[in-house]
Amino acid sequence: MTLQTVIDLVLGGISLGGIYALVAFALSLSLATTHVLNVAHGTFMVLGAALATLLFRFAPIGWPLAVLILVLAFAALGLFFEAAFVRPFAAKSPEQILVGSILVTFGFALTVEALLGYGWARWVDPQPAFSLAFPFARVTVLGVAVSGTRLTILLAAAAAITGFHLFLRRTPLGRAVRAVAQNYAGAVILGVNPRRVSVVIYLAGIVATAGAGVLLALAIPLEPYSGLRLTLVAMTIVVIGGVGSLPGALLGGGLLGMAEVLTAYTLGSVWSPVVSLLVFFSVLVVRPEGLWGRRA
Amino acid sequence: MGAPGLIRGAAVLALVAAVAIPLVGTRDLVTATFFTFLYIVLALNYDILGGFLGYMNLGQGAFFGLAAYVTVLLLNGGRLDALGPADMPAAILIAVVVTAAVAFGFAYPLFRLSGAYFAMATFSMVLLVRHLILNLSDWTGGSYGVYVNPRHYLSLPVAYTAGLALLLASIALNRAIAKSRLGLAATAIRESELAASTIGLDLFRVKRRVLVLSALPSALAGGVFGLQAGYIDVDAALGVDKTLLPVIMALMGGSGRVAGPVVGGLLVRAIDVVLKNYLHLAVPALAVYGLILLGIGLLLPEGVLNAAGRRLRWAARPS
């Protein structure tokens, strides 16, 4: 194994881990603030990748406009999703929210994925696959050549995660989000409006998740039915990293990303899902309280 | 006639219909009814965990699919030929034991979790079995699937009878659990894990026993399914329908009561058969299931029977 291979593998693992961490953090914020377990989370990644593929393949509008369309489309979808599938649970107990939200979001995911797969196969491509091929050149950093695509993914994911972090730490609304996540009743007594928090979390979360789907499609093609598997990846990271914990999400995402990339390199990519599932079950047995020490 | 009398009358009618269908029905109808039996068995098994223990198992299909594969691969391997005609029951029996052992093993990581995390982790059990079968293609045929040797093919009348017997046994199992110490312990855990542990219950052992028990009929159903189908692949044996429909059925009928999964199963299967065989919809059936699931979650999260029961109790309440 040459130095170049090592660098490629590490960059591949970390950039994949960055995407996973972003997605997992968005999922865990929505879980912590609204108790809704969004099984359709990965579906939004698939939708992001699908819309981006459609735009870049068929609409010669250039990437700034395409990005604007993507953000607006998923902001609208986030608002709709929150109003239709999150708000109805607002006044219920956490157990009721859990069962109800699993049913509703699972149903949403199945319907969307089935329709997407069916529609895409019928009108666009009989073999549905969402991938973006940008001619990113290899970049030379400190004398080593690194993949431009991977670097772009890593920088974009890092920027999004930093944005999330600054929003939560530095803005009044971010403080309200953290308050609701920490103690719902206490936050409401102090005058925080939980509706506003929920709207913001789903709006930002779904835009970020769709964006992560676009980034992932730069590296590997997604399929209409990838959504449930991606939700599971995000859930895995939330379980091993701890709910609402950014360091936990980064650590879990990095661990899973590296494990998948190394498995793909040594055993072949078909074994990546098996290894990430085994990592998940092993962490549960060895450290059920999560890697970051907080009980999930 | 009160609600229990109504259910008893309906049960007798359903049993008469189940016996009459192979005598008068078309082959399509018999096949559809056979699958209905298997699905309701899975739904009843799901509810042992979901209804009594309050843990949502989205991976019931893993036990079904694993047992189907083990049964078919054992018979195809030819190692059981020495047993003569007893090889088919022996293969199914081994598959049940293997599945029970797998359920026993999965209990360790799974019951570290509860609530939403438990539900999602059980779903990853299906994915793990699925990926392993796809990847170990030298043994399992991978994505090409495996054919059952015609010698071992289970004819429809035999499979139908086995399915019906399995359904009745599953109903009896759920009723027995409901009345047993184990069922009481499970219900205590559902209501409050803290309270259950303070009265001296070993929570993990109760949970593990319930999980293993719930896997047994599913494994039997998987074995019968594999031999009757004549060909299995990961989509047939471990498809989303095998793992999700039982959950939908139990929740739709009413979780936590024996009749719930049965009523829900009949409803979902009726919708399914009408959708696929009569309506010829332009959209995939999965999308329609998704919408049904969504509707139940928003409108009737406690299920048809529980909602009806609550209304009856409400009406009967002395003012």
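Bear in mind these aren't lab numbers, they're just calculated from the coordinates by the rules spelled out. As the structure is a prediction and not an experimental result, all values here were calculated from the model. Note that we place each Cβ from the backbone using ideal geometry, even for glycine, and neighbour counts take in every protein chain shown.
With no solvent and one point on each alpha carbon, what is the Debye value of log10 I(q)/I(0) for region A:103-172 at q = 0.13, 0.16 Å⁻¹?
-0.77, -0.89
I need the calculated FRET efficiency for the pair A:Ala185 and A:Thr162, taking r as the beta carbon distance and R₀ as 41 Å, to the nearest 0.05. Let's see the in-between values first.
Values: r = 31 Å, r/R0 = 0.76.
Taking R0 as 41 Å, the efficiency between A:Ala185 and A:Thr162 is 0.85.
Could you grab the relative contact order for chain B? Cα pairs under 8 Å, six or more apart, rounded to a whole percent.
For chain B, the relative contact order is 30 percent.
Could you give the dipole magnitude of chain A about its Cα centre, charging the beta-carbon of Lys and Arg +1 and that of Asp and Glu -1, in debye to the nearest 20?
Details: 16 positive and 8 negative charges, 149 e Å.
About 720 debye.
Multiplying the sequence separation of A:Phe136 and A:Arg122 by 0.36 nm and subtracting their Cα-Cα distance, what value in nm do you get?
1.9 nm
Rank A:Gly254, A:Val270, A:Gly148 by how far each Cα sits towards the positive end of the charge dipole of the protein assembly as shown (+1 on Lys, Arg Cβ; -1 on Asp, Glu Cβ) and give me just the farthest.
A:Gly254
Could you tell me which residue out of B:Leu6, B:Tyr289, B:Ile133 lies farthest along the dipole of chain B toward its positive end? Charges go on the beta carbon: Lys and Arg +1, Asp and Glu -1, centred on the Cα centre.
So the residue we want is B:Leu6.
Counting other beta carbons within 10 Å of each residue's own, what order do A:Thr263, B:Thr198, A:Thr33 fall into, fewest first?
Starting with the residue having the fewest Cβ neighbours, the order is B:Thr198, A:Thr263, A:Thr33.
Write down, largest first, the equivalent ellipsoid semi-axes of region B:201-257 in whole Å, where each equals the square root of 5 times an eigenvalue of the alpha-carbon gyration tensor.
Calculated on Cα positions only, the semi-axes equal 26, 16, 10 Å.
Near A:Lys92, which aspartates and glutamates are there with a Cα under 15 Å away, not counting those fewer than 8 places off in the same chain?
B:Glu302
As a footprinting exposure proxy, order A:Thr5, A:Thr43 by other Cβ within 10 Å, with the fewest listed first.
Placing the least packed residue first, the sequence is A:Thr5, A:Thr43.
Give the cross-link partners of B:Lys242 among the aspartates and glutamates, using a straight C-alpha distance below 14 Å as the criterion and excluding same-chain residues fewer than 8 apart.
Correct list for B:Lys242: B:Asp233, B:Asp272.
What is region B:165-274's relative contact order, in percent, from Cα pairs under 8 angstrom and six or more apart in sequence?
On the way: 62 pairs, mean separation 18.5, N = 110.
That works out to 17 percent.
In chain B, if every C-alpha pair distance is counted and binned at 20 Å from zero, what percent goes to each bin?
Pairs per bin, as whole percents: 32, 58, 10, 0.
Based solely on its DSSP helices, what 222 nm [θ] is calculated for chain A when runs of n ≥ 4 H residues each add -39,500 (n - 2.57) and the sum is averaged over all residues, nearest 500 deg cm²/dmol?
On the way: 11 runs with 216 residues, N = 296.
Helix contribution divided over all residues of chain A: -25000 deg cm²/dmol.
Which listed residue (A:His35, A:Pro172, B:Gly265) has the Cα farthest towards the positive end of the charge dipole for the protein assembly as shown, taking +1 on Lys and Arg C-beta and -1 on Asp and Glu C-beta about the Cα centre?
My answer, from the dipole projection, is A:Pro172.
With +1 on each Lys and Arg Cβ and -1 on each Asp and Glu Cβ, how big is the dipole of region B:1-157 about its Cα centre, in debye rounded to the nearest 20?
It works out to roughly 140 debye.
Taking other Cβ within 10 Å of each residue's Cβ, how do B:Val30, A:Val177 sort, fewest first?
B:Val30, A:Val177
Using alpha-carbon pairs under 8 Å, 6+ residues apart, how would you state the relative contact order of region B:78-218 in percent? The partial results should precede the final answer.
Details: 59 pairs, mean separation 46.0, N = 141.
RCO, region B:78-218: 33 percent.
Expressed as a whole number of Å, what is the distance separating the alpha-carbon centroids of region A:83-120 and region A:66-80?
Centre-to-centre distance over Cα atoms comes out at 19 Å.
Quick one, could you list the DSSP H helices from chain B stretching 27 Å or more along their long axis (Cα atoms) with average Kyte-Doolittle hydropathy of 0.0 or above?
Membrane-span-like by this rule: B:3-24, B:27-47, B:87-110, B:115-135, B:156-179, B:203-229.
Taking the Cβ of A:Pro273 as the center, what net charge do the other residues with Cβ under 14 Å away carry, scoring Lys and Arg +1 and Asp and Glu -1?
Here the count lands on 0.
Report, in debye and to the nearest 20, how large the dipole of region B:65-178 comes out about its Cα centre when Lys and Arg carry +1 and Asp and Glu carry -1 on their Cβ.
About 240 debye.
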